[in-house]
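For reference, the structure discussed in these notes is given below.
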Amino acid sequence: MQDLNYQLKQLCHRNRDGSFATQHARERVLDLAATQLREAGFRHLAAASLKPKHVDTLVSRWSSEGCTVGTIKNRLAHLRWWAEKVGKQNVVQRNNDGYGIGQRQLVTNVSKARELQGADLARISDPYTAMSLRLQAAFGLRREESIKIRPEWADRGNVLALKDTWTKGGRPREVPVRTAEQRQVLDEAKSLAGQGSLIPANKTYVEQLRRFEHQCAAAGIQRVHGLRHQYAQARYRELTGWAAPVAGGPRSKELNAQEQALDQAARLIVSAELGHERSQVTAVYLGR
């Protein structure tokens, strides 16, 4: 009998729902779930053997390990996908409250920004991964965008154009090229990629994504999403003249009417450059 890890991998490969990033995350979470169920003493499980007790066991372990509310909710979403594909939708509760999971806390006024250091890049041996990291830091790109991007096509002089097939939700956008540092990074990215993307010619996106993750893990580079936070905070300061609340600047309620108008205008710009539709989302990056 094939083990559960293998069966879930095959289930993922037969059902390519969602973006490449979603598919990759789903396969990774389900592989983890299969391994942890085996460690909990559940032997000879098949993909169709999923029961409420298995889900309860996993949620209990994730909670005891200190996983965040957001992480557990994301993992439960992948378990629901599994349950749906094997015709057992009712195995996983539709409401996360049933598992005692609190509301995700998006705004903490604690900075998650991360600066990319030269020492970080020195530990990266793959030039494509290094360049993707530099583009994330310079333009606030998401990981997927920084890998799929074709720098030669994206460079429009004073803006970096991002195609809908690279972005989350299929929303194209433009990010201004404002500084000499951004121009240098973009020119070097074009030199490396030529007419192509930052996926080497002999690799698929998923293969390069796995290489990216392996390179970052081996180099001890964590919280890569923090590069977007750093971009957002630096851009906000440039637009307003003061630091974001999450970086020690004044809270929104402490601003006068003129400053509040400038704050709102800056948040709209930052939101658009990060690829979000609502300025409220910037509270996650900037505080409030």
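Every read-out reported here was derived from the displayed coordinates using simple, explicitly stated rules and does not represent laboratory data. Bear in mind the structure is a predicted one, so any value in this text is a computation, not a measurement. Every residue, glycine among them, receives a Cβ derived from its backbone with ideal geometry; neighbour counts consider all protein chains shown.
Can you tell me the dipole magnitude for the chain around its Cα centre, using point charges on the Cβ only (Lys, Arg +1; Asp, Glu -1), in Debye to the nearest 20?
So the magnitude is around 760 debye.
Along the positive direction of the dipole of the chain (beta-carbon charges: Lys, Arg +1; Asp, Glu -1; about the Cα centre), which of Gly275, Ala201, Asn15 reaches farthest?
It is Asn15, whose Cα lies furthest towards the positive end.
Compute the convex hull volume of the Cα atoms of segment 4-99, divide it by the residue count, and report the result per residue in Å³ as a whole number.
Considering the Cα atoms of segment 4-99, their hull volume per residue is 92 Å³.
Per residue, how big is the convex hull around the C-alpha atoms of segment 124-220? Give it to me in cubic angstrom, could you?
94 Å³
Relative to the first principal axis of the alpha-carbon coordinates of the chain, what is the inclination of helix 226-240, with its axis defined by its Cα atoms, in degrees from 0 to 90 and to the nearest 10?
30 degrees
Name the residue farthest towards the positive end of the dipole of segment 1-78 from the options Ala33, Thr68, Ala48, assuming +1 on Cβ of Lys and Arg, -1 on Cβ of Asp and Glu, about the Cα centre.
Going by the Cα projections, it comes out as Ala48.
Sorting check: for 41-49, 57-65, 231-239, which peptide has the highest mean count of neighbouring beta carbons within 10 Å, and how do the rest follow?
231-239, 57-65, 41-49
Would you mind checking Lys73/Lys253; Lys112/Lys190; Lys112/Lys163; Lys9/Lys88; Lys53/Lys85; Lys112/Lys203 for any pair whose Cα atoms are more than 20 angstrom apart?
Lys73/Lys253; Lys112/Lys190; Lys112/Lys163; Lys112/Lys203
How much FRET efficiency would the formula 1/(1 + (r/R0)^6) give for Ala257 and Thr179, where r is the Cβ-Cβ distance and R0 is 45 Å, rounded to 0.05?
Computed FRET efficiency for Ala257 and Thr179 comes out at 0.90.
Would you mind checking which residues have amide H under 5 Å from Leu160's amide H? H placed 1.01 Å from N; only 5 or more apart, or other chain.
Distant-sequence amide H within range of Leu160: Val175, Val177.
Regarding the chain, what whole-number volume in Å³ per residue does the convex hull of its Cα atoms give?
Taking the convex hull of the Cα positions in the chain, it is 154 Å³ per residue.
Under the Kirkwood approximation applied to all pairs of distinct alpha-carbon atoms, what is the hydrodynamic radius of segment 227-286 in Å?
Details: mean 1/r = 0.0897 Å⁻¹.
Every distinct Cα pair counted, the radius reaches 11.1 Å.
In debye, nearest 20: dipole of segment 4-99 around its Cα centre with unit charges on the Cβ of K, R (+) and D, E (-)?
Working: 16 positive and 8 negative charges, 50 e Å.
For this selection, approximately 240 debye.
First measure r as the distance between the Cβ atoms of Ala217 and Glu115, then evaluate 1/(1 + (r/R0)^6) with R0 = 22 Å and state the FRET efficiency to the nearest 0.05.
After rounding to 0.05, the efficiency reads 0.70.
Compute the angle between helix 4-14 and the longest alpha-carbon principal axis of the chain, please, reported from 0 to 90 degrees and rounded to the nearest 10.
Compared with the principal axis, the helix lies near 60 degrees.
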